[in-house]
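Heads up: the structure comes next, in structure tokens.
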Amino acid sequence: SCTALAIAAGLFNGSYPIFLKRPAVLAARVPPLFFQSAKSSCCCLLGACLVLLRLARSGEPFLFTWWAVTSAAAWIPAGLCTIAAVPRLGVGPVMLTSAGTGTLASFLAGSLALGERLKVHTLDGGGTFLLAPAYLAGVLLGMAGLIFAPRLSLQRARQHPSARLVLAEEENEADSEALHSPRGANAEGLPVVPGLPVVRSDQSGGLRTASPGSETSSEDGGRDDPNRALSSRGEARHGSGYSRGVRSGGGGSGAPLPPFDRVGYALAAAAGVFASVQYVMVTLAQRHLPPKAPELEPLGSWTCSFGLGAIAITAALSAAASATGMCGGAPLPPPRRSEVLRAAVL
């Protein structure tokens, strides 16, 4: 039962940021506080419904507790950091980084601050040892590998001598598809990419480029530099960095690797630390309140107190942001507003 609840918590907590990556949400550039306000409102509404349901079924009254409010005070910055980091890094790196830092912070808080004892294992000869630190190190190394392995693999692949050949073959396949497409080639048989300069052949056999819809052109000199034709098509598929990689002739083919986003990873790490503080507050509440106290009921008073505290803190942050002008900007049109609100509620 407890294991199933822990697995469900991991699934829900690890999947909710997916909705932040929807194209309409990314294009709207909505402040993180907007999504956090929707989360706090839904949490408060859910807590109120649970309290009313228990009151109708068993007559159990609502008992407020400040421990839930302190837990919500750590939950809100954790959510804000996650919401701000996902558009910068993606869902996978953010959740892995947050889980890694949260695991480390929870281990340190439990063993140092809360006085939780680690399980001691005994050898046949009478010696003792601890496995928890080794487990923790393995988990952190595994998460770090999942985060950085794709980037290191891509960097190594671009340094391989065959990287240029692979990219050139991809471009030849793309050109073949364009030549056989009714709308993918112009009258001269050359590929046409919407929104990019049109490549035409001149009378001397060279190549010249012109912007779409314009007859003005400039000499390209493709007959003197065969890589120019390849790089111009590569820019259409891989970005402007492709031409620099192809013309260099070295292992740096393809667009340059994106820079390491220190701010994004710092936000993800902070989200894990705040989430750990949230769980520490839950542990302290269980120690200071009587066992099976109604205030600790997750399907009743605790969730309602948590939601009330969350919505009060979020409202205070929203008021402060509005007073300082941090939430300024043009209002969203109604269709985009409804889609962003739907993503925030989900």
- prompt: Which value, in Å² rounded to 10, gives the accessible area of Phe19 with a 1.4 Å probe and all protein chains present?
  reply: 60 Å²
- line: SASA check, Glu297, accessible area w/ 1.4 Å probe, all protein chains in place, rounded to nearest 10 Å², comes out at 50 Å²
message: I'd like the distance between the alpha-carbon centres of region 70-94 and region 101-161, rounded to an integer number of Å.
response: 22 Å
- prompt: Share of region 1-139's accessible area from carbon and sulfur, percent, 1.4 Å?
  reply: 69 percent
- prompt: Given the Cα-Cα distance of Ser322 and Leu45 and 0.36 nm per residue of separation, how much length would full extension add, in nm?
  reply: 97.3 nm
- request: Rank these residues by their accessible area, most exposed first, probe 1.4 Å: Cys2, Cys81.
  value: Cys2, Cys81
task: Would you mind getting the accessible area per residue of region 1-134, heavy atoms of the protein chains only, 1.4 Å probe, in Å²?
output: 56 Å²
message: I need the calculated FRET efficiency for the pair Ser153 and Gln286, taking r as the beta carbon distance and R₀ as 45 Å, to the nearest 0.05.
response: 0.55
field: Backbone N within region 96-131 under 12 Å of label point (7 Å from Ala137 Cα along the Cβ vector)
entry: 130-131
- prompt: Of His121, His288, which has the most accessible area with a 1.4 Å probe, and how do the rest follow in descending order?
  reply: His288, His121
task: Starting from the Cα of Lys21, draw a straight line to each of the lysines and keep only those under 18 Å, dropping any in the same chain fewer than 8 residues away.
output: Lys39
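The values are calculated or read from the model by the stated rules, or taken from the named source; none is laboratory data. Predicted model, so just to flag it, every value in this text is computed and none were measured. Methodologically, a virtual Cβ is constructed for each residue, glycine included, from the backbone with ideal geometry; neighbour enumeration extends over all protein chains shown. These accessible areas exclude ligands, DNA and RNA; they are computed on the full protein's heavy atoms, side chains included. Shrake-Rupley method; radii C 1.70, N 1.55, O 1.52, S 1.80 Å.
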